[in-house]
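The values are calculated or read from the model by the stated rules, or taken from the named source; none is laboratory data. What you see is a predicted model, and the numbers here were worked out from it, not measured in a lab. With ideal geometry, Cβ positions are generated from the backbone for all residues, glycine too; neighbour counts draw on all protein chains shown. For the accessible areas, the whole protein counts, side chains as well, though only heavy atoms, and no ligand, DNA or RNA atoms are used. Shrake-Rupley method; radii C 1.70, N 1.55, O 1.52, S 1.80 Å.
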Amino acid sequence: MISDKKIICEYLIVILLYAILTAILTYPMVLHVSDTIGGGDEAFTCWSLTWTTKKVLEDPLNLFHANIFYPANDYSLALSEHMLGWTIFSIPVYGITHDPVFTHNFVRLLTFVLCGFGMYLLVYHYTQNRYAAFIAGIFFAFFGYRMAIQLHLLAMQWVPFMLLFLDKFFHSLKFRDIGAASLFFVLSALSSWYVGIFTAIVGGLFILGYIILDSSVRSSIATKKPFFTILVSLFLVIIILTPISLPYFEASKHYDAERDIDVPTNSSWSFDIPFLINQFGIFLIIFAIAGLLLPLSEYRFKLPNLDYVKKQKIPIIFMGIAIVSYILTLGPVLKLNSILTEVMMPYYYIYSIFPYIAIIRALPRFSFIISLAVSVLAGLGAAALLNRIKRDDIKKIVAIGFVFLAILGSWHVPVNMPVSLATGDQVPVEYRWLAEKPDDTKIIEIPTRWVEDNSEYVYYSVYHWKEMVNGYSGRDVEFASKIMRDTGSYFPSDNTVSLLQYIGIKYVIIHADRIRILENVPDEQAEIFISGYLSNLNQKIEENYNSSIKMAASFDNTVVYEILKTPEVLPDDVILLFQSGWFGSNTFPEFYLKEKGKIMAFTGSTGEYLLYFLAEPVYSEKDLSLTVNGENMGTITALSGDFTEGRGNFILNKGMNEIKFTSMCTKLCDIPELNTISDKCMSFKFVNLTVFQP
């Protein structure tokens, strides 16, 4: 029997080998751990990981009240991944380095090592072949799609560990094994809701496969004690994950954070076998086919034996996982050559029952599950082939050759490195200046047009942590977006200054060079443009707002203006800030009410106001009800096919007022003439919605 010391030594060697391979196969990432962070999603995940790490240590009860999308930031972290599961690594690393970029990139590289090691343990459990297990780990850890994906999607490392202990539980029926499997499931879900769904799918299919294919497991887990053990572990998982899930349900109500079926339809793969081979690599597929068809230890079978294959539950289970996952990548409707057919796929029916599966908006990400299942099969295949070689010296040579084939099949060097934002001492000086201001300081940065423009601002906030109107997410926070866009377009104006005063914004940070880039002004004219822009801005402030706005600081091409609380600036108009229940309200001249739509109306004085709008019901006659500050203002009935005029007089208070429209929405898929599976739910199309003093 191998001693614990030898086992630990073996594991350390395996981990070291995967670390070396990580440095090689992700080159040149390892050379830029502390000095490179890309924009967009990568910058955002760096912020998310750092925010979560900081709040877990300092203020865990307010974890989801993030510093982005102020003042609509009660659940703003729940618009994205919280990354709690990563804090077991990020807390010690960040505690030592105080470097958000190093922490993010170190943890990212660590996923490759842990994915390889987890797969090694799982496949060794099945094959008792170290070379085969190591090969499977290479294929899984360095799957090509992982090389250019954001951190929360790399969190597949705990899935092999979960499967390992699930398999052990089926044979031991001990709580320690189902408890360990549950722990790794929780770690997956806490690292990423994406991966939590992946893990649930893999675990569910794995359990189902065992129940179907292994009668002894089927009968043993149905007995009283094992069944109770399973229930206890499920209860513990629910107890742990429920408090983390609730803010996401709240976010879905506050921000319309749910996703409809249109997004997965657009992102799904076409049915294309050559594309599939190219995606996963010929070496991985050949080893996987061998793992499915060749028995592990029967030397007498030189060719595949289908009768024996049927007896091998593990290859069949993982092949089933791969097939189911591939079907999910094909989306709700089958595509051929990127053209939608009329063939409805299983995803559509799963979504009908469990719409939260649309959290995974990019269906090609199900390929992570495929890579896991196929990597297990590849490990089984490598073991089956090596078991057919009787001479140890030749077996070792072939095994080393297989390892090099796995490395060759996983070779993507050099990996693409993004153009980096500033890190460390190179971070723009305005953010270091901002870090010295009081913690309750609120800011807005411009230019900004859409939420997608804000990843840099969000990333740089890790160096000052001030609450900001700016934010970044795959979903639009309409309330904050309206403030961002209006400030970016019209500042300074009575409307923008009055609203910024009301919500407590202290500083407006204007990046003149970024405005120049958005205006497509060439580099050679940059100095003239920036000088003229800032001169005009300062002149306008001096002429109209010299007692309400003052320059707080200037840094090269960035100027910071302080918004003074007094004297109060009153808005020219009623400012309508759409909150929830709308589609396209901040984007299109015609926009849609879903079922219940909320608008905040910001006014400069208390008095009588007039609401006017044109609204057309979607598809059929509908009622439309209106409440203002909780008071029912009545209902109109609108006929389909034309716009109905709506108007009403009511009293609004100075400041923010709540206006609610309510109707019954119709899903687009319920309109036969549209011939669509879209489940967007609309009740009315609006134009010319205004509130003003008569």
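Condition test on Phe235, is it out of contact with any His (no Cβ under 8 Å at 6 or more places or on another chain) and either open to solvent by less than 40 Å² (accessible area, probe 1.4 Å) or on the phi > 0 side of the Ramachandran plot (or both)? Criteria not met by Phe235. Can you confirm whether Lys622 is among the charged types (D, E, K, R), under 19 Å from Phe578 (Cα atoms) and buried (at least 17 other Cβ atoms within 10 Å of the Cβ)? The answer is no for Lys622.
Considering only region 518-527, I want to know if a residue exists there that is open to solvent by 60 Å² or more (accessible area, probe 1.4 Å), farther than 21 Å from Asn73 by Cβ, modelled with pLDDT under 95 and assigned to a loop (DSSP other than H, G, I, E, B). Yes, that holds for at least one residue. For Ile8, the stated conditions do not hold, so it cannot be described as among the hydrophobic types (A, V, I, L, M, F, W, C) and either open to solvent by less than 40 Å² (accessible area, probe 1.4 Å) or closer than 30 Å to Pro418 by Cβ (or both). Among the residues of region 169-213, those that are of a type in the set (Phe, Trp, Tyr) and closer than 18 Å to Ile317 by Cα comprise Phe169, Phe170, Phe198, Phe206, Tyr210. Of the helices (runs of 4 or more DSSP H) lying entirely inside region 194-273, those containing at least 2 residues that are in contact with a strand residue (DSSP E or B) (Cβ under 9 Å, 6 or more places away or on another chain) span 224-255. With respect to (1) crowded, with 20+ Cβ neighbours inside 10 Å; (2) without any contact (Cβ under 8 Å) to a residue 40 or more places away in the chain, the lone exception for Ala189 is condition (2).
Consider Asp513 carefully, then state whether it is within 17 Å of Gly604 (Cβ to Cβ) and either outside any loop (DSSP other than H, G, I, E, B) or hydrophobic (A, V, I, L, M, F, W, C) (or both). It is false that Asp513 is within 17 Å of Gly604 (Cβ to Cβ) and either outside any loop (DSSP other than H, G, I, E, B) or hydrophobic (A, V, I, L, M, F, W, C) (or both). For region 639-663, the set of residues classified as of a type in the set (Phe, Trp, Tyr), without any contact (Cβ under 8 Å) to a residue 60 or more places away in the chain and in a strand (DSSP E or B) consists of Phe650 only.
Every listed requirement among (1) open to solvent by 10 Å² or more (accessible area, probe 1.4 Å); (2) under 29 Å from His412 (Cβ atoms) is met by Ile91 save one, (2). Every condition in (1) among the aliphatic types (A, V, I, L, M); (2) modelled with pLDDT of 90 or more; (3) open to solvent by 10 Å² or more (accessible area, probe 1.4 Å) holds for Ile369 except the one numbered (3). Only one residue in Ile339, Ile314 is modelled with pLDDT under 95, aliphatic (A, V, I, L, M), at negative phi and open to solvent by 70 Å² or more (accessible area, probe 1.4 Å), so which one is that? On inspection, the qualifying residue turns out to be Ile339.
Just one residue in the set Leu122, Leu153, Leu164 is buried (at least 23 other Cβ atoms within 10 Å of the Cβ) and in a helix (DSSP H, G or I); that residue is Leu122. Please tell me if Ala615 is of a type in the set (A, V, I, L, M) and touching a Ser or Thr at 6+ places or on another chain (Cβ under 8 Å). Yes; evaluated as a whole, the condition is true for this residue.
Does Ile505 meet the test of being open to solvent by less than 20 Å² (accessible area, probe 1.4 Å) and not in a helix (DSSP H, G or I)? Considered against the rule, which asks whether it is open to solvent by less than 20 Å² (accessible area, probe 1.4 Å) and not in a helix (DSSP H, G or I), Ile505 comes out as yes.
Of all residues in region 664-680, those satisfying the criterion of being assigned to a helix (DSSP H, G or I) and among the charged types (D, E, K, R) are Asp670, Glu673. Residue count for region 424-438 satisfying the condition of being under 28 Å from the mean Cα position of the chain (by Cα) and either more than 12 Å from Tyr460 (Cα to Cα) or touching a residue at least 60 places away in the same chain (Cβ under 8 Å) (or both): 2.
Out of everything in region 242-259 that is under 19 Å from Phe354 (Cβ atoms) and in contact with a helix residue (DSSP H, G or I) (Cβ under 7 Å, 6 or more places away or on another chain), what residue ends up being modelled with the highest pLDDT? Once the filter is applied, the top-ranked residue is Ile244.
Within region 563-618, if we keep just the residues that are touching a helix residue (DSSP H, G or I) at 6+ places or on another chain (Cβ under 8 Å) and of a type in the set (Ser, Thr, Tyr), the residue that is nearest to Ile541 (Cα to Cα) turns out to be Ser585. In region 274-293, the residue that is surrounded by the most Cβ atoms within 10 Å (Cβ to Cβ) out of those that are within 28 Å of the chain's Cα centre (by Cα) and under 24 Å from Pro346 (Cα atoms) is Phe280. Number of residues in region 95-105 that are in a helix (DSSP H, G or I) and either surrounded by fewer than 18 Cβ atoms within 10 Å (Cβ to Cβ) or at pLDDT below 95 (or both): the value is 3. Within region 482-504, residues that are more than 24 Å from Asp440 (Cβ to Cβ) sit with their Cβ atoms under 7 Å from residues that are assigned to a helix (DSSP H, G or I) and open to solvent by 20 Å² or more (accessible area, probe 1.4 Å), at 6+ positions apart or across chains, in these pairs: Asn495/Asp486.
Just one of the listed residues (Thr496, Thr487) is modelled with pLDDT under 95 and buried (at least 19 other Cβ atoms within 10 Å of the Cβ), namely Thr487. Restricting Leu577, Leu611, Leu593, Leu534 to those that are of a type outside the set (Lys, Arg), open to solvent by 10 Å² or more (accessible area, probe 1.4 Å) and either out of contact with any Cys (no Cβ under 6 Å at 6 or more places or on another chain) or assigned to a strand (DSSP E or B) (or both) reduces the list to Leu534.
Of all residues in region 681-692, exactly one satisfies the criterion of being under 18 Å from Glu608 (Cβ atoms) and either among the polar types (S, T, N, Q) or assigned to a helix (DSSP H, G or I) (or both), namely Thr690. One residue stands out in region 641-677 among those that are of a type in the set (Ser, Thr, Tyr) and modelled with pLDDT of 90 or more: the one that is farthest from the chain's Cα centre (by Cα), namely Thr644. Count of region 199-219 residues, restricted to those that are farther than 17 Å from Ser182 by Cα, open to solvent by 30 Å² or more (accessible area, probe 1.4 Å) and in contact (Cβ under 8 Å) with a residue 24 or more places away in the chain, is 1.
Within region 343-388, the residues that satisfy the criterion of being of a type in the set (Ser, Thr, Tyr) and either touching a Pro at 6+ places or on another chain (Cβ under 8 Å) or under 18 Å from Leu205 (Cα atoms) (or both) are Tyr347, Tyr348, Tyr349, Tyr351, Ser367, Ser371, Ser375. Within region 68-82, restricting attention to residues that are crowded, with 23+ Cβ neighbours inside 10 Å and polar (S, T, N, Q), the residue that is farthest from the chain's Cα centre (by Cα) is Ser76.
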